[in-house]
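The values are calculated or read from the model by the stated rules, or taken from the named source; none is laboratory data. Here the structure is a predicted model, which means the values were calculated and not measured. Virtual Cβ from ideal backbone geometry, glycine too; neighbours counted across all protein chains shown. These accessible areas exclude ligands, DNA and RNA; they are computed on the full protein's heavy atoms, side chains included. Shrake-Rupley method; radii C 1.70, N 1.55, O 1.52, S 1.80 Å.
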Amino acid sequence: MKPMQLYYYESPNARTACAIARHLRAPVEFVRVELKQGEHRRPEFLAINPNGKVPVLVDGDTVIWESPAIAAYLAQKTGSELWPAAPAQQVEALRWIHWGAAHFNRHAGTLFFERVAKAIFGLGEPNAAAVEEATKHVRNFAKVLDGHLQGRRYLLGDALSVADFSVASMLPWKRAAQLPLHDYPHLDEWSARIEALPAWREPYPNADAVDMAA
């Protein structure tokens, strides 16, 4: 297949898209967007994503934003079962992808922003009230995730899927962001399975890439 272009930075959602691409050995050319230099706000980038966000996948005339959509597209493009074939399982994958975005990763992302991104981009000190509120919500939704994972290896059962990559997107920053995930054994076991994937550990195209999770 002709190479696609995957625009990324070492941020949670873009990292997930990179990990999916490497896991699938998809024919992708990785294009790093330097957020500190404002490359995501330049006209040539806004022409492919007017949101000014990474990741973006360009496959000829097809342009896709949002990491779960990119992941599903790459899985289908490469014939991978990471995107399930059965309609009922597709619905289940969508349920967990949206749950992660709306609940678990939304609040984990606040802790990432307050404790990691602010320091990297010089945006000031963490907001104590925002940290307290997000910590409470992360605990609540981690309990939901932990309960669902009891008796399951992955979110959809025994098979790894796009939903796992999506919901796990904040886990590489669990220490740096101080995510309160200490009391959830099933979540821990699931997280360890994801972390054992070589592409999850090394999602970027070269060994010198600076991962904010490090």
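All told, Gly79 meets the bar of being open to solvent by 60 Å² or more (accessible area, probe 1.4 Å) and of a type outside the set (Phe, Trp, Tyr). Taking Phe113, is it open to solvent by 40 Å² or more (accessible area, probe 1.4 Å), within 19 Å of the chain's Cα centre (by Cα) and not basic (Lys, Arg)? Yes: the conditions hold for Phe113. Scanning the stretch 24-80 for residues that are of a type outside the set (Lys, Arg) and part of a helix (DSSP H, G or I) yields a count of 19. If you filter the stretch 1-53 down to residues that are open to solvent by 50 Å² or more (accessible area, probe 1.4 Å) and among the acidic types (Asp, Glu), you find that the one that is farthest from Leu160 (Cα to Cα) is Glu44.
The residues in the stretch 180-214 that are at pLDDT below 85, under 21 Å from Ala134 (Cα atoms) and among the small types (Gly, Ala, Ser) can be counted, and the count is 1.
Considered as a group, the residues in the stretch 80-90 that are hydrophobic (A, V, I, L, M, F, W, C) and within 19 Å of the chain's Cα centre (by Cα) include one that is farthest from Ala159 (Cα to Cα), and that residue is Trp83. Taken over the stretch 117-141, the criterion of being open to solvent by 70 Å² or more (accessible area, probe 1.4 Å) and either within 30 Å of His186 (Cβ to Cβ) or among the charged types (D, E, K, R) (or both) is satisfied by Glu125, Glu132, Glu133, Lys136, Arg139, Asn140.
Conditions tested, residue by residue: (1) assigned to a helix (DSSP H, G or I); (2) over 22 Å from Phe113 (Cβ atoms); (3) without any contact (Cβ under 8 Å) to a residue 24 or more places away in the chain.
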{"site": "Gly124", "(1), (2), (3)": "no, no, yes"}
{"site": "Ala130", "(1), (2), (3)": "yes, no, yes"}
{"site": "Ala134", "(1), (2), (3)": "yes, no, no"}
{"site": "His137", "(1), (2), (3)": "yes, no, no"}
{"site": "Asn140", "(1), (2), (3)": "yes, no, yes"}
{"site": "Lys143", "(1), (2), (3)": "yes, yes, no"}
{"site": "Gly147", "(1), (2), (3)": "yes, yes, no"}
{"site": "Ala159", "(1), (2), (3)": "no, yes, no"}
{"site": "Asp164", "(1), (2), (3)": "yes, yes, no"}
